[in-house]
Each structure stands twice: as structure tokens, then as C-alpha cells.
Amino acid sequence: MAVQAASSGPPTPAVVASRRPGTARARLRGLGPSVVLLVISIVLLYPVIDAAVGTFLTQGTGRPTLGYWRQAFAAIPVFKDMGVSALLAIVVVAFVLLVATPCGYALAKLRFRGSGVVFLVAVACMMIPIESILIPEYINFVRLGLVGTLWGTALVYIGMGIPFGVFLTTNYFRNIPDSLIEAALVDGAGNVAGFWRVMLPLARPALAIVAVMQFLGVWNDLLTALLFMPQSVQTIGVGLAGLPGTHVANTNALVAGSVLSAVPPVLVYLVFQRYLISGLTLGAEK
Amino acid sequence: MTQPFSGSSGAATFTDVAAPEDRGPAAEVQRVPRRVGARSGSSATFRRRAQTGILFALPATVLVAGIMLLPLFQAAYYSFTTWNGLTSTYVGFSSYTQLFFHTVSIGQIVENNAWVVLSIPVGLALALVAAFLTATRAVGWKLFRKLVFFPVALSWVVIGIVFGAFLAQDGGLNAVMRGSGLARLTQDWLGSPALAMPALLVTFGWAMFGINTIIFISGLATIPPDLFDAARVDGAGTFRVLLHVVLPLMRRFVGLAFVVTLISGFTGIFGLIYVMTSGGPGFSTTTLEFQVYQEAFSLGNFGTAAALGMVLFAMMVVVTGVVGVISGRSSSI
């Protein structure tokens with residue numbers, strides 16, 4: 001019921017109005033939280049900005065230079081590797097959403113005998129240290145002829161990504177009031193139609209979160225790509241991690257490569273953050 | 001919790017489905033195989049719903065079974081063998097005893113994991129304060145909300161490279177300290193056995209701060225504003241509102257943030273450690289997770305690595321279960 005009550009309020013989490021009109025002193029005190037937030041922002045951003053600026057300055061003298069960036073580009077095929085990462089990530093995101101969302105819906109709203117166990121297994125799988133299962137996984141995939149292929153690598157990521165997708169969508173669907181789907185069912189829609197027409201549009205924020213987390217997970221992974229990708233095609237993560245072993249041992253060149261490789265995931269984050277942030281609160285407001 | 005259809009004979013409500021313990025006669029009838037369209041409309045609806053549910057859950061379950069559970073069981077089996085990746089010989093618990101009684105550094109490694117656990121409440125407290133401040137709609141709170149999540153987009157490798165440079169002898173932190181009269185305290189933060197683990201934990205906390213803040217912001221949004229107004233009217237100050245109104249209502253979200261951070265710290269930061277310190281100096285930043293990698297990929301002791309992986313997995317399951325019960329999540333499973 002509290003859930004419905006919130007919908008009449010403002011669309012943003014207006015929780016405590018600490019700012020009050022009044023004396024200058026009160027107004028100044030009202031700025032206190034902003035100052036704290038500003039300090040936190042600076043602490044959060046400074047190391048990254050400092051490192052990024054450093055890639056344009058010659059070590060020691062501090063003169064502007066593009067040398068470190070040239071070194072990074074000379075050492076690895078940056079754009080090809082980023083393309084490979086992007087393709088891999090998109091394939092994985094699509095399949096995880098396709099498979100995990102119906103499962104999450106079933107575990108939340110179409111419960112069957114054993115659905116609780118399936119949910120617990122999904123949660124438990126999120127706790128498996130990847131290092132400990134990668135070797136048996138590798139041997140299984142060699143037997144299936146899937147090692148050294150893009151699809152094989154994608155399959156590993158998909159399997160590893162589904163538990164989180166199931167966990168998140170299950171929790172999200174649970175928070176959507178049953179009355180909504182009941183209304184659809186009374187209108188004559190079946191369980192499948194109820195899922196497509198009613199639940200899926202409502203779950204868009206949850207799907208966005210799963211999609212972004214999966215994309216970032218694949219883009220940022222190192223070990224799985226190292227083991228399962230073909231020798232001739234590598235992800236940007238593997239390319240970067242290989243840099244210290246080449247002639248490009250300079251830290252600034254390494255940071256330059258890192259900064260560049262972080263651009264696509266940051267863009268993805270910026271584009272989807274509307275969903276990510278307002279999405280996390282939508283379930284409570286609608 | 002109104003059940004608009006609970007009195008009618010035709011439609012089973014979702015409340016029935018969601019709460020198995022409330023199942024009445026309908027659940028009993030369900031066990032009897034009967035064609036769709038038989039007398040009891042409610043049991044047919046219920047069964048159809050369960051069938052659709054199984055169908056919906058099947059692809060995910062199969063994929064997870066093949067890609068996560070199968071290798072997990074294989075690893076469990078191999079933890080009782082000496083295994084070089086090709087042939088395995090059964091040796092019982094030898095890998096486990098070897099791990100805990102004959103690994104010189106195991107005490108240090110376990111201690112490092114304890115430090116990871118102890119650092120989490122500090123990070124969560126900071127994130128909770130930041131979330132609460134955005135909820136006060138302080139000037140610039142929208143911009144802050146955009147900024148704070150940003151480290152989530154960075155990989156552990158990138159974070160490790162950036163902070164490795166930042167914390168080095170000639171790095172940004174020491175430059176700031178020289179600029180503010182703390183030149184005597186400057187040092188190679190990752191080069192000292194005493195400071196490397198704290199430095200790693202600060203980096204880890206930095207990286208997790210955004211996601212925890214966002215979890216708490218979304219949690220705060222579920223609290224009805226009236227509650228805050230009521231507390232305000234009662235004369236409660238900001239800190240007391242935070243402690244006595246927000247925190248109790250946020251238990252589930254605090255539990256979620258704790259588990260998310262713990263799972264990352266125990267099983268997800270291999271890349272960070274690898275890039276920043278490679279577990280050193282000595283074993284001063286080697287965690288159980290990093291040791292799994294060392295045993296498997298550097299030393300070729302797959303059996304020991306598998307045993308350690310099992311121990312780590314068991315720890316995660318137990319801790320998550322305990323936190324789940326404490327924070328009241330178990331009631332929703």
C-alpha cells in the first residue's frame with residue numbers, strides 16, 4: 001500500500017527536505033550536505049583524472065606529449081580489439097536477457113514445485129569463484145570443440161551471467177503488484193501474454209540493469225577471455241593485460257590504453273544510467 | 001495484502017502462488033493428474049501456471065547446470081585428487097590438509113580475507129550517508145547521483161592500473177601530500193608489506209562505493225516520505241532519523257549491499273590484485289581467491305586449487321545465508 005502512496009508524490013526520491021527558507025545562516029547550513037557530496041565526488045574522480053591527465057605529460061619534465069598514446073596504439077590493435085569486445089558483450093547480453101528474464105518471471109509469479117530451489121541455486125552460483133571452475137570448464141569445452149571460438153567464449157559468459165540475471169529479475173518481478181497481472185488475466189490474457197504485455201514493459205528498468213551489468217562484466221573480464229578466445233582474435237582486456245610483457249612497459253602508455261578501453265563502458269553507463277537509476281526506484285513508485 | 005479474487009471459485013490469485021504455505025485444497029488437487037478443463041477451474045489455472053513456469057525456467061536452468069554446476073561438481077571431485085589437468089589420482093582429503101596445515105602463508109592469506117570483511121561496514125556506512133544526503137535533495141544531488149556510479153563502468157584491470165600509478169612513489173597521492181605539507185609521510189604505498197593491504201582495500205572500497213550508494217538510494221526511495229515528515233515533526237534530527245527510521249527499514253538493502261560487496265571482495269577482485277600487487281609484497285595482499293589462481297595457474301596444483309575453491313565457495317554460501325537470515329531476506333525466498 002505504501003507503494004501506491006508513493007506514486008502521488010514527486011517522481012524523484014524526495015525524502016527529507018532539509019533546505020528551509022529562512023536566515024542566511026540556515027541557508028548556509030543547508031549547503032552542508034552539498035559540500036560533503038562535493039568532497040566525495042572529488043575523492044572519487046581525482047585518481048582517475050590525475051592518471052588520465054598524466055598520459056598527456058612527459059614523465060619528469062611535465063611537458064605535453066602524445067607519445068604515450070602513440071605507444072599504446074602501436075602495441076595493440078585497439079579498435080579491432082574493442083570491436084571484438086563489443087560484439088562478444090552484445091551477444092552475451094542478448095542471450096542472458098532472453099533466457100534469464102522468463103526464468104525470473106516464473107520464479108516470482110508462476111511458481112512451481114522446485115522453483116524455490118532454482119532460485120537458491122541461482123543465488124549460490126553467484127558465489128562460485130570463477131577461478132575454481134574455469135579449468136574443468138576449459139576441459140569440457142575442449143571436448144566439445146568450443147575452445148578458441150567466439151561462440152564458445154560467449155557461451156561461458158552466458159552461463160555465468162544467467163544467475164545474476166535470474167536473481168535480479170526475480171526480485172524485481174516480486175515487487176510488481178500481483179493485482180496488475182491479475183487484471184490482465186481477467187481481461188483474458190494467458191500466462192505467456194501476461195508476461196509479454198504486462199510484466200516485460202514494467203521490467204524494462206530491471207532488464208536495463210542486467211544488460212548493463214552483463215555488458216560491463218564481459219567487457220571488463222580478463223581470465224575467461226584469456227582461456228577461451230581464439231589466439232588470433234582477442235578482447236581489449238586481454239590486449240591491455242598483455243601490454244606489460246611487450247616493449248611498452250611504460251606506466252603512462254598502460255594508463256592511456258586503459259583510459260581508452262574504459263570509454264565504451266562509460267558511454268554505455270551514461271546512456272543507460274537513466275534506466276539504471278530511475279529504474280531502481282521505479283518498482284517502488286509505480 | 002488484499003486478495004480480490006480469493007473468494008471466487010474460478011481464479012486462483014497470485015498470492016496463492018507466491019505463498020506456498022498458504023496453499024489450501026487447491027495444492028492437493030494439483031497433484032492429481034487431470035486434463036485441462038476439468039471440474040476445478042482453480043486447480044487447472046494453477047497447474048497451467050506452474051507448467052508455464054517450468055517452461056519459462058527451463059532454458060536458464062539447463063544452461064546454468066551445464067556451465068556452472070557441472071564444472072563445480074567436477075572441481076569438487078578433483079579437490080580429492082592430485083590432478084595435473086589430464087590425469088587424476090584419488091588422494092582423499094590430502095589436498096585440504098596440505099592446504100591448511102602445510103601452506104606456510106595460509107595464516108596471512110586468511111587474515112587478508114578477514115580484513116576484506118572488516119572493511120565492508122566502513123564502506124557501507126559511507127555509502128549510506130552519501131545516499132541519505134542525496135535524498136535530502138542537497139544542491140547538486142542529481143549530478144552526484146550521476147557521478148557516483150561511474151567506477152562501476154571501470155574494469156578491475158583499469159582500476160588496478162590507475163590506482164597502481166596513483167599510489168606509486170611518483171604518483172598522484174604523494175604529489176597531493178607534498179603539496180599539503182605531508183611530504184614526510186609520502187612513500188611507495190603498494191611497496192610496503194604493512195600498507196599494501198590497506199591501500200588495496202581503499203581501492204576496493206573506492207570501486208564499490210558507487211554501487212552501494214545506488215543500492216541505498218533505491219532503498220530510500222521505497223520508504224514512504226510521510227515517515228520522514230512524521231519523524232521530523234517529532235523533532236528528530238537528521239542523524240536520529242538516519243539511525244532510527246532509515247536503518248531499520250533498510251535492513252534488506254544493507255544486507256544486499258553487504259553480500260554484493262563481500263562476493264566481489266572474496267571472488268571478484270583477482271584482476272585488481274593481479275595488476276596492483278600480484279599478491280605481494282610477499283603474501284601481504286594475497287587473498288584466498290588470488291591463491292586459487294596461484295595454485296592453479298602458476299604452480300599447476302589443480303587439486304589444491306580446486307580444494308581452495310571449494311572452501312571459498314562454502315564460505316560464501318554460509319556467510320550469505322547468515323546475512324540473509326539476519327537482514328530478513330530469507331522470508332522472501
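Values in this text are rule-based calculations from the coordinates and carry no lab data. Model, not experiment: these values are computed from the prediction. Cβ placement follows ideal geometry from the backbone for every residue including glycine, while neighbour counts extend to all protein chains displayed.
Distance between the 7 Å Cα→Cβ label points at A:Thr61 and B:Leu126: 3.8 nm.
With both labels modelled 7 Å from their Cα along Cα-to-Cβ, the A:Ala52 to A:Trp151 distance reads 3.9 nm.
Estimate the FRET efficiency between A:Arg204 and A:Ser232 by the formula 1/(1 + (r/R0)^6), using the beta-carbon distance for r and 35 Å for R0, to the nearest 0.05. Provide the component values of the computation, followed by the final result.
Working: r = 38 Å, r/R0 = 1.09.
In this case the efficiency is close to 0.40.
A dipole drawn for the stretch B:104-332 from +1 and -1 charges on Cβ atoms has a positive end, and of B:Met316, B:Ala199, B:Val233 the residue lying farthest that way is B:Val233. Kirkwood hydrodynamic radius of the stretch B:188-302, from the reciprocal of the average inverse Cα-Cα distance over all distinct pairs: 16.8 Å.
Quick check on the stretch A:71-220: take the gyration tensor over C-alpha atoms, sort the square-rooted eigenvalues as a ≥ b ≥ c, and tell me if it's rounded (a/c under 1.5), prolate or oblate. Walk me through the numbers on the way to the answer.
On the way: a/c = 2.70, a/b = 1.81, b/c = 1.49.
Prolate, since a/c reaches 1.5 and a/b exceeds b/c.
For B:Thr81, the amide hydrogen comes within under 5 Å of the amide hydrogens of B:Val91, counting only partners 5 or more places away or on other chains and with H modelled in the peptide plane. For the stretch B:120-138 versus the stretch B:265-329, the inter-centroid distance based on Cα atoms is 28 Å.
Given in Å, the Rg to one decimal and the Dmax to the nearest whole number for the Cα atoms of the stretch B:78-191 are 22.3, 65. With the biggest extent put first, the Cα atoms of the stretch B:104-332 measure 63, 50, 27 Å across the principal axes.
Using +1 on the beta carbon of Lys and Arg, -1 on that of Asp and Glu, and nothing else charged, what's the dipole of the stretch A:69-284 about the Cα centre, debye to 20?
180
Of the residues A:Asn140, A:Val53, A:Gly67, the one whose Cα sits farthest towards the positive end of the charge dipole of the stretch A:32-154 is A:Asn140 (charges of +1 on Lys and Arg Cβ, -1 on Asp and Glu Cβ, taken about the Cα centre). Using the Cα centre of the stretch B:104-332 as origin and beta-carbon charges of +1 (Lys, Arg) and -1 (Asp, Glu), tell me which of B:Gly219, B:Phe258, B:Leu173 is placed farthest towards the positive end of the dipole. Ranked along the dipole, the leading option is B:Gly219.
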